[in-house]
Ligand code: IMP
């Protein structure tokens, strides 16, 4: 238990480190000499992205977007608004979107559409956690760390109502509502 929540699964710091390194190796292989632009989705991605780029010793650029989605407290409604846009020019460049977690897929499918309007050379998607239970939009994921079947995930940057972001590991919690 953590607070009132039952822990279904813990992903340890070592398991996270191994998966971050594996994703980094795959990215290095594909983007050597191509200078990709990594676009992180705030806020949840800040720890994952900073660990990931330190494992990728090739030239790359980093930018961020922020999206707000409106809905009940732990599922998005589908109404998505961009509250901070990309600032780097991405036209003609290889882009990798980096996200902490995909759930319904609504956020990423919205962002991919938005980014493709700027005509980058290519767009790939990297997520730390692939949550399978509630997918509504099919999104092609190119790099991912962990699959989670149900529940809510916190820690390592991920929050539940702004709680638990600081945990150095990941907890998969059972949610009753
Ligand atoms: P989607 O649009 O439903 O795919 O949701 C993506 C966004 O919802 C993520 O960027 C997270 O901010 C949030 N989210 C979805 N599931 C979780 C979770 O289990 N823990 C923390 N945040 C989550």
Being modelled with pLDDT of 95 or more and loosely packed, with under 13 Cβ neighbours inside 10 Å narrows it down to one residue among 92, 155; which is it? 92
Just give me the residues in the stretch 1-42 being surrounded by 15 or more Cβ atoms within 10 Å (Cβ to Cβ), under 16 Å from the mean Cα position of the chain (by Cα) and not in a strand (DSSP E or B), in sequence order. 16, 19, 20, 23, 24, 27
Hey, could you check the stretch 101-145 for residues that are part of a strand (DSSP E or B) and over 27 Å from residue 15 (Cβ atoms) and say which is farthest from the ligand (Cβ to nearest atom)? 122
Inside the stretch 146-177, can you point out the residues that are more than 11 Å from the ligand (Cβ to nearest atom) and outside any loop (DSSP other than H, G, I, E, B)? 146, 147
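The values are calculated or read from the model by the stated rules, or taken from the named source; none is laboratory data. No experiment lies behind these values; they were computed from the predicted model shown. A quick note on method: Cβ atoms are made from the backbone with ideal geometry, for glycine too, and the neighbour counts reach across all protein chains shown.
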